[in-house]
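S.K.: One structure, as structure tokens, below. Some questions next.
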Amino acid sequence: MKDALYRVVNQVKQNGKMPTSWEGVLTTLIPTKVGEEKILESIRPICLMNTAAKIVTSVWTKRLSKSLEP
């Protein structure tokens, strides 16, 4: 799995294009308390995305924040 992600990351760097399976996310609304599904203040959004995309974007975020720190 690690080698496959490494190859994909390098392809993204070279081509500048993410795999199509990584595009898009599913956002769903979750009520914080049972019975309060219709109260806007009691609902929070949850964003679901491809696991591989989540791992890669997490690595990129860490690398970028390290390089941008003074």
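S.K.: Can you find even one residue in region 27-38 that is within 14 Å of the chain's Cα centre (by Cα) and among the hydrophobic types (A, V, I, L, M, F, W, C)?
M.R.: No, because not a single residue in region 27-38 is within 14 Å of the chain's Cα centre (by Cα) and among the hydrophobic types (A, V, I, L, M, F, W, C).
S.K.: Which residues, counting only those in region 19-70, are in a helix (DSSP H, G or I) and of a type in the set (Asp, Glu)?
M.R.: Answer for region 19-70, where residues must be in a helix (DSSP H, G or I) and of a type in the set (Asp, Glu): just 41.
S.K.: Please verify whether residue 43 is surrounded by 10 or more Cβ atoms within 10 Å (Cβ to Cβ) and either modelled with pLDDT of 85 or more or among the small types (Gly, Ala, Ser) (or both), treating the condition exactly as stated.
M.R.: yes
The values are calculated or read from the model by the stated rules, or taken from the named source; none is laboratory data. Treat the numbers as computed from the prediction; the structure is a model and nothing was measured. FYI the Cβ positions are ideal-geometry reconstructions off the backbone, even for glycines, and counts take in every protein chain you see.
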